[in-house]
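The values are calculated or read from the model by the stated rules, or taken from the named source; none is laboratory data. A quick note: this is a predicted structure, and the numbers were derived from the prediction, not measured. Here Cβ is always computed from backbone atoms with ideal geometry, including for glycine, and neighbour counts include all displayed protein chains. Areas reflect the complete protein model, heavy atoms only, side chains present, ligands, DNA and RNA absent. Shrake-Rupley method; radii C 1.70, N 1.55, O 1.52, S 1.80 Å.
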Amino acid sequence: MKRSVKTLLLFCVLLICVGGYWLLQQQSSVDTVSETTGEFDLNAKIVDDLTGMSWVKDDVTYDFVKTDGVWAKADEATFPVNQDALNALAEDLLDLTATRKLEDVTSPADYGLAEPAFTVTAIWSDGTSTDYAMGDETPFSDGYYLQLSDQSDVIYTIATSLSSTFADTLTDLAQKETLPEVDTVTRLALGDSLDVTWSETSRGINPEQHWYDTATGEPLTDADVEDLITTAKGISWDTLVATSATEEDLSTYGLTDAEAKQLVLYNDTEAALTLLLGNEDENGDIYARLPDSTMVYTVAAEDVSSLMSASLDALWSKTLLSLPYDQLQEAVFTTSTTSRVLHPQAGEDAAADDAASSDTEALATATDAATDEETEETVDPDEELWNSLTALQATDRLTSGTLGNTVLSVQVTDVNGLTVTLVFSEYDVDSYVATMDGRSLLMSADEVDKLVRTVKQGA
């Protein structure tokens, strides 16, 4: 029994001695490391010496080579490398400086460098290479340990994580395609929902009407069409989603030729911009691409929402007649019992004759004018009637239905001699139908009744 106790005691003493020796060795090893604080360049190379960079991040391999100053993806020659982005990474790598230098290091594993957290390999024009291996963060959280493959016993500390410097994804490093800039637009087509055309001169009696449905010639609300065009001209890429989308990928994005909504802006007969718009992503933004391209992007939802929902049903012009009174030569209002004729130009001619009358008449006119200043200014009833007509706005378009009796017709001739006839017919208790130039628009019955009463009162 005593012999066993002695043996156990001797074994414990031996363990203590061995442990103490190991600790002394470790302390001796640490003591051999010399530390210098300052600013240290990590190599003597320059950017022109760099011919390649590679690294792995999130299980994706990034491998780029530079030939004659141009970067390319080593395993995908057609990849559209963003030259500025790669040059910026090269500059960042070559500009790396350290704040501390540890020399005579015998155990890189103590600094997390047995299995580095992140490594960038640089290839040089002389055929050599350097691995920049980043280890643990320092105990004081003031940087990260870094070792160069050609300095096996030296470890540096750098202020910024190497992995954050090389955080860009492949799509971040790809060069986005350029969207054409469009100045003048004479036609906008959007899938099957919209096709509108600009006309330099009005096709009807409304002199300020310029935008029309390409197929039917129906006049559209100019301001609303111009807003859509401004939106289309302002589209810009948001995020690059894919650089080489397959047909299956395109279908997922709703961007195959058959599925996508095609937006085209024309300048005269030339297509100045063609863009394919697809499905929404998880953020509500819209996938988009250029024709014949496999690069897929998103565009911000707020930038294209009005285009995606645009249709002729929302753009038709509610204005019945938009002819200024001074552009009217004659208007003949006819009801079932009365007729009233407006002659604005005749009034102007009479005014011109008065201006050429004798001095006595001129004096009398001046006296009358002075008297008029003391009375409330009156409104020309003819102009008031005309303004009531042109102020009418349609409530809807009529595509089918039976019309009743005519309650009012207006034959209008402008100063250029163009003549149109506007007919108001009974429809239902709430509406009349106004027909002109092939358009049938529903109008408020109350507003039309008021117009008819004005015509009869002034007849």
> With respect to D84, is the statement that it is out of contact with any helix residue (DSSP H, G or I) (no Cβ under 6 Å at 6 or more places or on another chain) and modelled with pLDDT under 95 true?
Replying inline: no
>> Out of A310, A314, I need the residue that is more than 22 Å from D172 (Cα to Cα), in a loop (DSSP other than H, G, I, E, B) and either open to solvent by 10 Å² or more (accessible area, probe 1.4 Å) or not basic (K, R) (or both). Which one?
In response: A310
> Looking at segment 324-338, which of the residues that are open to solvent by 10 Å² or more (accessible area, probe 1.4 Å) and not hydroxyl-bearing (S, T, Y) is nearest to D213 (Cα to Cα)?
Replying inline: P324
> Among T221, T184, which is the only one that is open to solvent by 30 Å² or more (accessible area, probe 1.4 Å), in contact (Cβ under 8 Å) with a residue 24 or more places away in the chain, polar (S, T, N, Q) and touching a Leu at 6+ places or on another chain (Cβ under 8 Å)?
Replying inline: T221
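Here is a yes/no grid of residues against (1) in contact (Cβ under 8 Å) with a residue 24 or more places away in the chain; (2) not charged (D, E, K, R):
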{"residue": "K176", "(1), (2)": "yes, no"}
{"residue": "A189", "(1), (2)": "yes, yes"}
{"residue": "R203", "(1), (2)": "no, no"}
{"residue": "L228", "(1), (2)": "yes, yes"}
{"residue": "L240", "(1), (2)": "yes, yes"}
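Please determine whether any residue of segment 114-125 is over 20 Å from D48 (Cβ atoms), of a type in the set (V, I, T) and modelled with pLDDT of 95 or more. Spell out how you get there, then give the answer.
Residues of segment 114-125 that are over 20 Å from D48 (Cβ atoms), as a first pass: 114-119.
If we keep only those that are of a type in the set (V, I, T) too, we end up with 119.
From what is left, the residues that are modelled with pLDDT of 95 or more are 119.
Within segment 114-125 (the criterion being over 20 Å from D48 (Cβ atoms), of a type in the set (V, I, T) and modelled with pLDDT of 95 or more), the answer is yes, since at least one residue qualifies.
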> Which of the residues that make up segment 131-143 are open to solvent by 30 Å² or more (accessible area, probe 1.4 Å), touching a residue at least 12 places away in the same chain (Cβ under 8 Å) and outside any strand (DSSP E or B)?
Replying inline: D142
> If you take the residues in segment 225-238 that are under 27 Å from D437 (Cα atoms) and either part of a strand (DSSP E or B) or charged (D, E, K, R) (or both), which one is most open to solvent (accessible area, probe 1.4 Å)?
Replying inline: D227
